[in-house]
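Asks: My questions will all concern the structure given below.
Any read-out appearing in this document is the output of simple, stated calculations on the displayed coordinates, not a laboratory observation. On a predicted model such as this, the values are computed, not experimentally measured, just so you know. Here Cβ is always computed from backbone atoms with ideal geometry, including for glycine, and neighbour counts include all displayed protein chains.
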Amino acid sequence: MFLVASFGYPVSVFAGAMAAMFFNYLLAVYLGSRIISRFNPRLLKVGTAWLFIAIGTIIIIMEAGSGL
């Protein structure tokens, strides 16, 4: 909203933001596919499962501590 107010061209600001997001995702997919191809698929499955469990446990502990 700040850029639209500053420049007064909402369509140009929107197009620029969408182009930046597209190239950001394109770079992330490219680099991600290059990096992930170097790891053992079994290791990735086990690693992401443990990461999911760890993050879930941390969130549950934090919510339990907040008194909800």
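Asks: Please compute the modelled spin-label separation between Leu43 and Phe23, points set 7 Å along Cα→Cβ, answer in nm with one decimal.
Replies: Spacing of the two 7 Å Cα→Cβ label points: 3.4 nm.
Asks: Quick one: in the chain, what % of C-alpha pairs are over 17 Å apart?
Replies: 69 percent
Asks: Angle check, please: helix 10-36 long axis (alpha carbons) against the longest principal axis of the chain (alpha carbons), in degrees 0 to 90, nearest 10.
Replies: Once rounded, the angle reads 30 degrees.
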